[in-house]
Structure formats: C-alpha cells, structure tokens
Amino acid sequence: MLEQFSLAGRAAIVTGAGRGLGRQMALALARAGADVVCAARTREQIEAAAAEIQALGRRALAVPTDVRRSAEVEALVGRCIEAFGRVDIMLANAGGGGPAAGKRPHEAADADWQDTLDLNLSSVFYCARAALPHMLRQGGGVIITVASGTGLRGYAPLWAYGAAKAGVMGLTRALALAYARDNIRVNCIVPGFVAQRPPATPEEEARLAERGRFVPVGRIGRAEELGPLAVFLASDASRYITGECFVIDGGGLAGGAAPLGWTPQGG
C-alpha cells in the first residue's frame, strides 16, 4: 500500500516555497520522491530550500517568481518543463495578509482590495491556468491549493484575506469539476493556526503556547505537519479524491478557537 504514496519520477512546483508552510511541503514532496521547483520572490530563501531538496538526493530548481504577475507564473511553469520535462504537481501555496490587513473595509483603497485578491486568489488561478495545458498533454496531473481557516470562520482584521481564501476554496471546486474527466485532480489544504517557524524567543514561545490553549488539541500546529497531507493529495493514494477542502487545524473549526487578535487580560 505504501507505494501509492510515492512521487518518484514526478515534477512539482511549489509557490511560496522559501519558508514556512511552503518550504516544509516542498521538502515533504521531495522526501516522497518528487523533483521540485521552488518559487517565491526572495531568491536567497528559495535557493536555500532547493539546496535542502538536493541534499535529499532529488533534483531542485529555484525560480524567483511574483505570483501576482501571470507572465512570471507562465515563465515559472516553462522553467519546470525545461528542467524536468513535465509538471505533475502544482502546489499553489503563496499568499499573505495583504495591504488591507488591519484596515476596516470602509478605510481600504481599491488597491488594498485588489492587491490582496491578486496575491491570494488570482495567483492561484494563474498557477492552475499555466499548468493545465501541460497536464492535459501528459494525460493528468494534480493541483493543490492552499486556503485558510479564515476563509471559513471569518476574522474582521483580515476580512479581505478571508474573502480571497474563501474564493480559493470555490475556485478549487470549480476547477475540479472542469477537469474531472481529464485525470486532473484539484484539492485544497485549509490550515488553521500554524507556526511558520519555531519560536525565536521565550516571549514568542509563550505567546504561541497561550494561543494553543484555545485549540482543541491544546497547541498550535507546526509547519511540517502539513507535509504529509500534501504528499497524500499529490499521490495516487488520493486518486479518487477531487474538489475537496481538507481542514488541518487541531480541531479549531469543530470546537472553536480564540480570535487571532485575542490577548489574555488580568490574572
């Protein structure tokens, strides 16, 4: 059964691969056997991620990319085809709070709204659109999107980000239906509270521990815990799954969790 999880001989692109969730998912795909193109805006970060993957014995390529620009995403996929001859897995992970974060909706400029959508929703469409023609020619492929629990629960300071991530889930389902007969599967990972990196200071560790008290399992998630889910969705083990959104949040959505801006008061 375990051979169904192997990604040997497959080529993957991971956006936002320079750090945090994206880096850990890129490493997980490589450990499962995939060759990986690491994409992000910061060259130094993706070069370090690519070096880690190469140390695992896999081929890796670092391609600086601004996923808000469709031409750069098209070029990214082209680099993958040049290097590996195919693209089997597109993991559209890049995103962020955007310039609307912390502003109330009536205070936001058009650019704040549009930039947030470009980074978190349009970028996912660009990644899918660039990869799909190659997947169709190959006879199949896998697209994995990354949303957020904020797109399911809502959080006022990240209202634009949450709206964009809800859009990612809708886009995931629509793409899955559009290409279900083409052996192309599209699924979404929906993280809850996840630490992008280990805490750098005792104070940061204490803040994460305090927030973890409100997660049903009693702690914040770790970036590397998303890797196995990415491997499962990329592999043949999930070949009958498409159009689904997988929440990975320690029970936060089921049991409730403190708002992101919550801070303890008094004794």
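In summary, TYR240 fulfils each of the numbered conditions (1) surrounded by fewer than 14 Cβ atoms within 10 Å (Cβ to Cβ); (2) part of a helix (DSSP H, G or I); (3) modelled with pLDDT of 90 or more with the single exception of condition (2). Residues in the range 19-67 that are out of contact with any Asp or Glu (no Cβ under 8 Å at 6 or more places or on another chain), outside any helix (DSSP H, G or I) and of a type outside the set (A, V, I, L, M, F, W, C) were compared, and the one that is surrounded by the most Cβ atoms within 10 Å (Cβ to Cβ) is ASP35.
Taking helices (runs of 4 or more DSSP H) that do not extend beyond the range 106-177, which have at least 1 residues that are in contact with a Cys (Cβ under 9 Å, 6 or more places away or on another chain)?
Numbers: elements: 110-117, 123-138, 150-153.
Passing ranges, in order: 123-138, 150-153.
Pairing each residue of the range 82-94 that is on the phi < 0 side of the Ramachandran plot with any residue that is among the aromatic types (Phe, Trp, Tyr), provided the two are 6+ apart or on different chains, yields C-beta distances under 9 Å for ALA92/PHE125; ALA92/TYR126. For the range 68-79, a residue qualifies if it is part of a helix (DSSP H, G or I), in contact (Cβ under 8 Å) with a residue 24 or more places away in the chain and of a type outside the set (Asp, Glu), and the qualifying residues are SER70, VAL73, LEU76, VAL77, ARG79.
Of all the listed residues (VAL14, VAL36, VAL87), the sole one being of a type in the set (Val, Ile, Thr) and more than 25 Å from ALA195 (Cβ to Cβ) is VAL87.
Taking (1) more than 15 Å from ILE189 (Cβ to Cβ); (2) within 11 Å of the chain's Cα centre (by Cα); (3) of a type in the set (A, V, I, L, M) in turn, ALA26 satisfies each apart from (1).
Scanning the range 169-202 for residues that are closer than 17 Å to ASN120 by Cα and free of Cβ contacts under 8 Å to residues at least 12 places away in the same chain returns GLY170, ALA174.
Does ALA75 satisfy being in contact with a Leu (Cβ under 6 Å, 6 or more places away or on another chain) and either aromatic (Phe, Trp, Tyr) or within 18 Å of ILE143 (Cα to Cα) (or both)? Can you show your working first?
Values: in contact with a Leu (Cβ under 6 Å, 6 or more places away or on another chain): no; either aromatic (Phe, Trp, Tyr) or within 18 Å of ILE143 (Cα to Cα) (or both): yes.
Considered against the rule, which asks whether it is in contact with a Leu (Cβ under 6 Å, 6 or more places away or on another chain) and either aromatic (Phe, Trp, Tyr) or within 18 Å of ILE143 (Cα to Cα) (or both), ALA75 comes out as no.
Look at (1) free of Cβ contacts under 8 Å to residues at least 60 places away in the same chain; (2) outside any helix (DSSP H, G or I); (3) surrounded by fewer than 24 Cβ atoms within 10 Å (Cβ to Cβ) and you find that GLY98 fails only one, number (1).
Checking each residue in the range 3-18 for being at positive phi and surrounded by 24 or more Cβ atoms within 10 Å (Cβ to Cβ) picks out only GLY16. Can you work out which of the residues in the range 187-231 that are surrounded by 20 or more Cβ atoms within 10 Å (Cβ to Cβ) and out of contact with any strand residue (DSSP E or B) (no Cβ under 7 Å at 6 or more places or on another chain) is modelled with the lowest pLDDT? The residue in question is VAL215.
The values are calculated or read from the model by the stated rules, or taken from the named source; none is laboratory data. A quick note: this is a predicted structure, and the numbers were derived from the prediction, not measured. Methodologically, a virtual Cβ is constructed for each residue, glycine included, from the backbone with ideal geometry; neighbour enumeration extends over all protein chains shown.
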